[in-house]
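Scroll down for the structure; my scribbles are underneath it.
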Amino acid sequence: MKSILSELRNEVLRRIKPKPEERERLRTVADSLLSRIENLAQSEKIRCAPVLVGSAARGTWLSGDHDLDIFLAIPPNEDLNRALELARKVAPIYEEKYAEHAYVHAIIDGFDIDLVPCFHLESASCMKSAVDRTPFHNKYVTSRIKGLEDEVLLIKQFMKGAGVYGSELRIGGFSGYLAELLILHYDSFLAALEAASSWKPGEIIDLEGHSSRSHQEPLVVIDPIDPSRNVAAALTLDKMMQFTAASRCFLRQPALNFFFPPEQRPLSDQELLEYIEERSSLFILIEFSSPNVVDDVLFPQLRKAEQSIRALIERQEFSVLRSDVGCYGIKAFILLELDVWALPNVRRSIGPPVWVEMHLDRFISSHPSPLSGPYIENGHAIVEIPRKFTRVQDLLLKEMARLSLGKHISEEICQGYNIYIGAELARIKDIDFRIFLADYMMAKTRII
């Protein structure tokens, strides 16, 4: 087993560890940007210290990743907008984005660059916003990670292979910083997997042993520089257990495809139609224009809309087998798969016990023309009345726009939407959507 693990380790690192020329190119681009920002700050008379942060600064980035995060730190008594103005002048073409506050995204020399204003603080206890933590994260990890960089690369690639890497709300997985903290805590990739293979909800990791605050998330990893914060707050229970199961399976039978699973192939029209026929369920896709917001705003609203629509459907006694959300191109969508989508015209309405005369009168008068009844069953008054909706698509067309779907989703739904039913899904040819459908139809996770 040791020899197999050693061979696997060497082969994975050969593929994911940046080559010297790749490191040199990153260093050259980063140094050039830092120097340019310093010169611009001097010319604009802005006190600003640019700092390279993240995996690029710590040597824990995977080969092929071309992301640079540069924080523009200004004194805490100055206006953060001055740093934002500086960021706008770094690249001729840029996109302004917004997290807790505005920052600039640009592509420079083939690298995705985020230029983030923050305050230069002496202590993490003086933080004014969430981004002010990041330079302290950088110092903490950089001072401890020396000699463990390969272990971080291995666990990141393993998480990617397991489909659990990325703390964006679209994914709900592990952030790069969280992966680094796991290595700092467990000392190696294999030790982290051995521990994770027996994780249960409620697992707590506190590297510095300085937090007494209670957290409710499935995995709690106390931020070493901010004891009130759980670094794993964005990690969902399903992604946590997905990592636990993958760790257990790998330790039992290590293989290269844990790190590099086959790429999902988009479904062809024929394959899609065969899946739909085989399942004999009803697929309904609600498609609308994607709001112009970042994914961490879009996906919570998509999930909220998904749950609201499911609740509407199930209140009317239809049944949703499974559902999911996503986006492709300029479109967002909610996919519903129903195992009960048509109902008879008649439904039962159960009233109060017959001995509760006041409530009984109100119940009978509210159903003046039942199909059958009233009659008594188990001491209760029963009437059989016409169902308002016998087909789920009629329900959605009539009632969906009235739901609370999230501000941006509601606005887009009100502007118009498309509904695709069953085989009509094949009309959507987008490759990303077809890959999404392939993942949905072939849903399978290593569990044992």
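Things worth noting here:
- Using R0 = 30 Å, the C-beta based FRET efficiency linking residue 321 and residue 295 works out to 0.70.
- Residue order, fewest to most surrounding Cβ atoms within 10 angstrom, among 399, 151: 399, 151
- Cross-link reach is defined here as a Cα-Cα straight distance under 21 Å, omitting same-chain residues fewer than 8 places apart; for residue 89 the lysines meeting it are 45, 97.
- A straight line joining the Cα centroids of the range 212-278 and the range 426-440 runs 21 Å.
- Mean-position separation - Cα centroids, the range 304-321 and the range 148-187, in angstrom: 34 Å
- Using 0.36 nm per residue and subtracting the Cα-Cα separation, the extra length available between residue 3 and residue 339 on full extension is 116.0 nm.
- J(HN,Hα) series, the range 188-196, from Karplus relation 6.51 cos²θ - 1.76 cosθ + 1.60, nearest Hz, glycine and proline x: 7, 4, 5, 5, 5, 5, 4, 5, 5
- Span from the the range 27-84 Cα centroid across to the the range 383-399 one, whole angstrom: 58 Å
- Remark: the residue 22-residue 44 segment gains 4.6 nm on full extension, using 0.36 nm per residue and subtracting the alpha carbon distance.
- Fewest-first ranking of 164, 152, 325, using other Cβ atoms within 10 Å as the exposure measure: 325, 164, 152
- For the range 322-448, Kirkwood radius (reciprocal of mean inverse C-alpha pair distance, Å): 18.7 Å
- Whichever lysines have a C-alpha closer than 16 Å to that of residue 200, once near sequence neighbours (fewer than 8 apart) are set aside: 239
- When each of 439, 187 is scored by the number of other beta-carbon atoms lying within 10 Å, the sequence from fewest to most is 187, 439.
- Distance between the 7 Å Cα→Cβ label points at residue 350 and residue 419: 2.9 nm.
- Entries in 139/407; 160/398; 128/407; 2/156; 304/444 that, when Cα-Cα distance is taken, lie over 30 Å: 139/407; 160/398
- Modelled spin labels at residue 95 and residue 427, positioned 7 Å past Cα toward Cβ, are 2.9 nm from each other.
- Base-10 log of normalised Debye intensity for the range 145-262 (one unit scatterer per alpha-carbon) at q = 0.13, 0.14, 0.18, 0.23 Å⁻¹: -0.46, -0.53, -0.89, -1.46
- Of the chymotrypsin sites (Phe, Trp or Tyr not before Pro) found in the range 299-379, those that fall in a DSSP loop while having at most 11 other beta-carbon atoms within 10 Å are 355.
Every read-out reported here was derived from the displayed coordinates using simple, explicitly stated rules and does not represent laboratory data. Keep in mind the model is a prediction, meaning the values are calculated, not measured. Note: ideal-geometry Cβ built from the backbone for every residue, glycine included; neighbour counts use all protein chains shown.
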